Amino acid sequence: MAGKAAGKPPEEILLDWKREQASLKARVVDLDTEAWQRDPAFSGLQRVGGVDVSFVKDDSGSACASLVVLSYPELEVLYEDCRMVTLTAPYVSGFLAFRELPFLVDTVQQLRQREPCLMPQVLFVDGNGVLHHRGFGVACHLGVLTDLPCIGVAKKLLQVDGLENNALHKEKIQLLKAGGDSFPLMGGSGTILGRALRSHDHSTKPLYVSVGHKISLEAAVRLTHSCCKFRIPEPVRQADIRSRDYIRRTQEVQGVPAPQSGRSKEAQRPKACPQGVSEEPAVPLLPRVCVLPRSRHLFDPVRGLSVRIHVESMPAGHSHFPVNEE
């Protein structure tokens, strides 16, 4: 997230944004609101979601917004929605939501209308919640507008309210010995804004977890740890993977060459289309929406890849995918 664009909005626009943040901030709930949040094993939690905005290289105004929903605790993908979007608002530190949020809110609303039974019970956001210049980051904003529990998960420490990535902070990080270990992020005001979490045994870099909406910090940290197969929580990781893949597929259809650096000759060779899928002319891709009652096939290196290509490459004007009757 947070691809940067040149320019800065007029001061009156920034004042409007600040007023909107202050108004919505009053609606943030930083306590557990659902029974599953208070259960040590999160009993009753069945679906977790993640959102991401990935940017097209060398084009800060073009991006792919994605929403994925995973089963819990299996962390298998049940639903995904990827769409190319054009961002008009510039990146301004502290106002990320005004650049990216409209598209993320729309993906959630579309899911609510299309498949309400697949609505996530909590959303992970690649960004901050109350750990923010004005206590109202993108995770808070998304939570309030969608009325869903939200957790902010950032890869870097936002240095606000006296928090600094200094020698003392780095010493505390060294004391995080195992996945699940964490320490509080207390600002100069005495407020605990979040926690630094070692999310995985094999990851030495912490995540910075903060409350977005309708969940306590303690539950947010525990759930973040339980959703990490790697350093990044699986809902956010899968949203990022799928949005980047959708950008690549879109560029292939449009004839944009893929970056070649760092790839072997074998990896650079064009791959044959799966059986039953014909090559199509370079026409725009429809937004990819997959509803997957069972997602195990996504991890099948042959059958899963074929299914995903069917879904991703259906061009505008087509109403169905090719079917192999064999």
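Quick look at the numbers
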read-out	value
19 Å Cα-Cα threshold exceeded, pairs from Lys155/Lys205; Lys205/Lys229; Lys25/Lys155; Lys156/Lys205; Lys177/Lys205; Lys156/Lys214	Lys25/Lys155; Lys156/Lys214
Dimensionless Rg over Rh [segment 45-134; C-alpha; Kirkwood]	0.99
Centre separation in Å (Cα based) which lies between segment 233-254 and segment 153-213	28 Å
Apportionment of accessible area to carbon and sulfur, segment 34-183, percent (1.4 Å)	49 percent
Relative packing of 149-155, 231-237, 81-87, 206-212, which averages over residues the other C-beta atoms within 10 Å, highest first	206-212, 149-155, 231-237, 81-87
Contact order normalised by residue count of segment 44-138, Cα under 8 Å, 6+ apart, percent	30 percent
5 Å-binned pair-distance histogram of segment 127-219 (Cα, whole percent)	3, 16, 25, 24, 18, 10, 3, 1
Kirkwood hydrodynamic radius of segment 55-198, Cα pairs, Å	17.0 Å
Packing rank of 128-137, 20-29, where each peptide gets the mean count of other beta carbons within 10 Å, highest leading	128-137, 20-29
Kirkwood hydrodynamic radius over Cα pairs of segment 83-165, then Stokes diffusion coefficient at 20 °C and 1.002 mPa s, in µm²/s	156 µm²/s
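The values are calculated or read from the model by the stated rules, or taken from the named source; none is laboratory data. Keep in mind that this is a model prediction, so the values were computed, not measured. Because the Cβ atoms are built from the backbone with ideal geometry, glycine has one as well, and the counts that use them run over all protein chains shown. Side chains included, ligands, DNA and RNA excluded: accessible areas come from the protein's heavy atoms. Shrake-Rupley method; radii C 1.70, N 1.55, O 1.52, S 1.80 Å.
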